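Read through the structure below, which is laid out as structure tokens, and then see the notes.
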Amino acid sequence: MGIYDRDYGREAYSPWDRADTSRSITVNLIIVNVFVFIAELVTRDSIPTETGRVLDSAVIEWFAIDQETIMNPWLWWKFLTYGFTHDVTGINHLLFNMIGLFVFGRDVENRLGRKEFLRFYLSAVVIGGIVGSVTHRMGGVSGGTIGASGAVIATAILYACFFPNRELLLMLIIPVKAWVMATIFIATDLMGALGMLGEIQSFKNTAFTVHLAGAFFALGYHYTGWNLSKLPISGLSGIQQSLRKRSRRMRLKLHDPDQKLANDAKEADRILAKIHEQGESSLTSSERKVLERYSRRQREKRDL
């Protein structure tokens, strides 16, 4: 049996190698949203208000944006985090967004590639957050904004740009072309932003300006041929490669038993010399362990 037939001589995979064949970005984004929602549920509480008690969550308090966020640069990280939080009073907000992300995200990701899709999605989250905070401040709208809706709308619009004639089921019932669905989305959000849907209960808490920001970002991205490869997300690949190389070097060191034994013998000789010069009481606890380990191995060799 040669050295390359032994277990320690074979190529192994570190966690950084497995990252190359990991789940799609779409699925990863869904998982992150679900985990954040679970954290919201864990930290939720009943908060008294002038109209009664409402459910809220510490996670939402930390991550949500409002009209003041744009005025406080130290809070601008919230322009990303708000997009991963959802209404804690029910599951519909999260469920509909994740279904939309799953339906549209996979094909858009396949078209753009994993890294570019991630850049696109996160850019849509940030742009939607900025526009939402600005328009809320201009309109004097109180309360926070949360949810992935703006980025999901951006993904849906880009899907319609790539595949305009694909048939989709609007409301899971009515078959329509993708471009028709995109037109309906944009028209509805425009009407909502102009206050034309204010009396409809299901639209009262909808961030129409965030949706529109995502939609127009997607249209601009498609029709101007933008590429987001210069965003710092691409730099993660260099970090990953560096960590992978370091992991492989560590594996080679760990699986070199002859070198380890030689190092232990050299260290044992140093410790014995120290005992001769300074006495056994001068040893540290780690030196005692090294000496015990080396003595045990020597006894095992003699017993063979």
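The values are calculated or read from the model by the stated rules, or taken from the named source; none is laboratory data. Computed from a predicted structure; not experimentally measured. Every residue, glycine among them, receives a Cβ derived from its backbone with ideal geometry; neighbour counts consider all protein chains shown.
Data overview
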{"item": "Flag if Gly235 is assigned to a helix (DSSP H, G or I), modelled with pLDDT under 80 and under 30 Å from Val134 (Cβ atoms)", "result": "yes"}
{"item": "Residue that is more than 22 Å from Cys161 (Cβ to Cβ) and either not assigned by TED's automatic domain parsing to the domain that holds Ala151 or not hydroxyl-bearing (Ser, Thr, Tyr) (or both), where the choices are Asn110, Asn97, Asn72", "result": "Asn72"}
{"item": "Criterion violated by Phe35 - all others in (1) out of contact with any strand residue (DSSP E or B) (no Cβ under 8 Å at 6 or more places or on another chain); (2) surrounded by 13 or more Cβ atoms within 10 Å (Cβ to Cβ) satisfied", "result": "(2)"}
{"item": "Condition met for Ile30 (in contact with a Phe, Trp or Tyr (Cβ under 9 Å, 6 or more places away or on another chain) and at pLDDT 55 or above)", "result": "yes"}
{"item": "Number of positions in the range 167-187 that are free of Cβ contacts under 8 Å to residues at least 12 places away in the same chain and in a helix (DSSP H, G or I)", "result": "3"}
{"item": "All positions within the range 264-288 that are out of contact with any helix residue (DSSP H, G or I) (no Cβ under 7 Å at 6 or more places or on another chain), farther than 19 Å from Gln298 by Cα and among the small types (Gly, Ala, Ser)", "result": "Gly279, Ser281, Ser285"}
{"item": "The range 120-137 residues that are crowded, with 24+ Cβ neighbours inside 10 Å, paired with ones that are among the β-branched types (Val, Ile, Thr) (beta carbon under 6 Å, 6 or more apart)", "result": "Gly128/Val210; Gly129/Ile65; Gly132/Thr145; Gly132/Thr209; Gly132/Val210; Ser133/Ile65; Ser133/Thr69; Ser133/Ile70"}
{"item": "Of residues in the range 85-119 being acidic (Asp, Glu) and outside any loop (DSSP other than H, G, I, E, B), the one surrounded by the fewest Cβ atoms within 10 Å (Cβ to Cβ)", "result": "Asp107"}
